[in-house]
Structure formats: structure tokens, C-alpha cells
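Structure first, commentary second.
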Ligand code: GLN
């Protein structure tokens, strides 16, 4: 049962072939078995998960009408507030903080009967591409424990990849759902900005942050997407429009007559040979399924990374000002006669990690009065140019595609001392965030040179998220029949068929 998809688990529950308590137990056992190696979780709450599961089973037994994911276990990125459960955003500064409320994503999961197993590891405040920036140690890639699972939602991706949970929630500010999905051989979606409420999502860069689903299949991911999306009056940037029909699209998967645009700027130099090979193979498959492949030009994408690394740190320098030792988590340096300012300084010095401090300094500098126009202002102009590039490209194609990540999973320690090398991991995912549109990564196979998973990225216009699933499902079906199973079933050791 643990290797099944969430959709299969859901139908087994409906038919009475299993119970939610049983499903929850086997996942808790799996976590107990493998998580000392993978380190996907920061906090596992077996007791409350089993309680939640028992409640869903009781509801089912009493004939109550339940949603499709009722009783299915899930791993939650530690960036989302869950009432009474330690929530750290991977930072020491929030160690011990228990939110007094649920984020909207958590409230929606609970209302749908989804069983939350625990909170997953992440780069501190979602800043990073490898989960090595966590204040609590790294997460290890289930395909190869010497490598990172990507980041910042590396814990969530690793949990799904290692069969510790069939589903997980991540957040994606510059690629943090799609890139770890690519590096761990699973599916991850960054929904349209504003499609999933940010209420209770600990803020990194508010104009870019968006929570979204992970699954081992396109359909599972769509089912979770449908549960967490929707308008929320508690989030001023939440879109008040019907949720796109993502589940129906994932079930119908068809590309006949669709135009698929390959972005010229997101390929070539810097993209690993095996990544390029799997990418062009997927294009051939899509063409053989009846799609028309066209080339599109997005000249401003060249500046996306630079613009992102001004905008995101600028917003983070403002957002992280709230960690002042007075309201949440850690407080240190409280000696007799110490001023509030001294305590704040000591706490921020002790509580924030290196990358977070680097970004606060960068952002504060970029926003300072003498430099605002030169840095932040220019970055915002680039952002507009990127939006224009996408607008034009979407007149030429229904969806756009690229490799998700230029490289496969890299070694722990390989990039952790070189921030610029780490930033490059998101070169293909960041444009989506700057434009506020949606993107998916799904497994395209293994790179020949290292036998590690390669991600295929699909992008669609704002609130056209169903197109991701429609194209993703078609490609997935063709690949699965070619491989004789999902890619994840080919994973060695922890991720695979043990
Ligand atoms: N790696 C990017 C960063 O460090 C993206 C992170 C994210 O999407 N949360 O900012």
C-alpha cells in the first residue's frame, strides 16, 4: 500500500479495503524506518495524526460524505503555521514557537480530512536550493544519500520521494517546489500567484511566495492542488475566481492540437547533457502525441536571476524585521540592564543563519535611499519586461516548457560555500515567480551520466493551471508506458521498491 498513489489509496479507503488509521500507521512506520537517514521531517506528531485518522474513519463509518483526500497522510513544509504544533521555517529564531492559529492551507487540509503527519525540513525561511541552509541540518536525497534533495522545500520532496508520505505541501518563491521535485523524481506545482492563500505562510518575499502541492503522479498533485486552492478574504492578494479544473485536466491529459513553446533562453550552456537529452526526448513524445512544438524568444529572461536576487532579498529584509526577540521564538542576551536593542541584536545574531543574514544585508542595501532606484527600481523594471516576454510568448503557444533545473541533484557541500553557484540552480524556475504565473515539474527520466532524475517544466498563464495538468498528464502517461512504471519505482534504496 505504501507504494500506491494517493488516488489509489483514496479508492481503497472508499471501498473499505483499508482505513485511514492503517494508512497513517504504515507511513509512521516508514518514517521510523528511514527518516534517520533521509531527515525529511523536523517534527512528527504520530499521536495527533492517528487521532485525525481515527476521526476520518469514524466519519466514513457513519456515512458522512467525504472528499477524495479524506484520510490520506501528508507532510507539511515547516513554513506553514499549524495551531499548537512547533513551526520554525527552518530557523533557530523560531525554535519552540507554536502558532496560536492555522494557516489557511492547513485549515483547508483539515477540513478535507487530510492527515498531517508532521512538519518537514527546509532552507531557513525558504532561502536556498538544497535544504542545507536549514538551522537544523540538511535533508538527504532518497535517490543518493550523499546528495541534496534540492530546496528550499527539500524535506517535503524527500518525504514523498522516500514513500514517507504520498503527498506534501511546499512553497515556491523562486523554484522551491519545482526544483526539489525535479531532483527527487516527483511532481511539484507552483500554482498561480494568489491562487493559494498566503495567510499563515511565513513570509519570505511576499510578492513571489506561493504554497503548492507535491505528489508522485500528476493526478495526485492535482487532487491536492484542488484542496488547498481558492479565494481567501484573509489574504489581500488572493484571487477571487473559481479554482481551475485541475483534477479533470489531470484525468483527461491530452495535447492534440496544442502549441508548446520551447523557451530559447532556458536551454543550452550550463544545462547538463543528460538534462538536455531527457528534455528533447519529452518534446519528441509530445510531438508524437499531436502537439505542435514551436520556439519562443524571451530575451529579458537573461536578467531574471539578477532581478530576483534584488527583489527577494529586499522584501525579505522588510519581512524578517518582525523577528525582534519580543514577539516570537528565541530571545537571548537578556542580561541586567540590557536595552531592547541589545537583546534584538543578540537574538538576531544568534537566531539567523548565514544566508539569511546575507540577504537581509543585501536587501537593506538595495532599498537604501541612495540606491533604491539603481537596484530595486531597476529590478522591478526587469520584472515588467519578463511579464511582457511571457505575454508575447503565450500568444504563440498554449504552454511553455524548459528543463526545470539545469543540473541533477548535486552533492551535499558542493555548493554550500558558494552562494552564486547555488543561486544558479533556479535559473529556469525564477521567471515564473517574477511573472506571477504557474509552473509544474514532472519527472522526464534519468540523466545517463549519473542516473539521477531530470525534471521537465511546464508553464501556463495566470489562472490557467489546468493546462499544466493537461499537458503533464499526457506526457506522464506516455513516459510511464515507455518505462513500464513511474520513474520513482526505479529509484534505488530508499526511494525505490524495497
Ligand atoms: N532558491 C531560491 C532562493 O533561495 C528560491 C527559494 C524559494 O523558492 N523559496 O531564494
Burial-style ranking of 332-343, 380-391, average other-beta-carbon count within 10 Å with highest first, yields 380-391, 332-343
dims of segment 102-188, Cα set, principal axes, largest to smallest, nearest Å -> 38, 25, 22
At 20 °C in a medium of viscosity 1.002 mPa s, segment 339-386 has a Stokes-Einstein diffusion coefficient, with Rh taken as the Kirkwood radius over alpha carbon pairs, in µm² per second, of 171 µm²/s
In deg cm²/dmol, rounded to the nearest 500, the helical mean residue ellipticity at 222 nm of the chain, built from -39500 (n - 2.57) for every DSSP H run of length 4 or more, is -12000 deg cm²/dmol
Taking only C-alpha positions in segment 242-354, Rg and Dmax in angstrom work out to 24.7, 74
Per the Cα gyration tensor, segment 234-297 corresponds to an equivalent ellipsoid with semi-axes, largest first in Å, of 29, 19, 12
Dimensionless Rg/Rh of segment 159-205, both radii on Cα and Rh by Kirkwood, sits at 0.98
From the Cα centre of segment 328-350 to that of segment 114-167, the distance in Å is 31 Å
In whole angstrom, the spacing between the Cα centers of segment 376-408 and segment 437-482 equals 18 Å
Percent of all Cα-Cα pairs per 5 Å bin for segment 296-425, counting from 0 up to the last occupied bin, reads 2, 9, 13, 14, 15, 14, 13, 9, 5, 3, 2, 1, 0, 0
Whole-number value, in Å³ per residue, for the convex hull of the alpha carbons of segment 30-164 is 102 Å³
Rounded to the nearest whole number, the per residue volume of the convex hull around the C-alpha atoms of the chain in Å³ is 138 Å³
At 20 °C and 1.002 mPa s, the Stokes-Einstein diffusion coefficient in µm²/s for segment 132-282, with hydrodynamic radius from the Kirkwood sum on alpha carbon pairs, is 128 µm²/s
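All of the numbers you see were taken from the coordinates with simple rules; none came from a lab. Given the structure is predicted, the values throughout are model-derived calculations rather than measurements. Note that we place each Cβ from the backbone using ideal geometry, even for glycine, and neighbour counts take in every protein chain shown.
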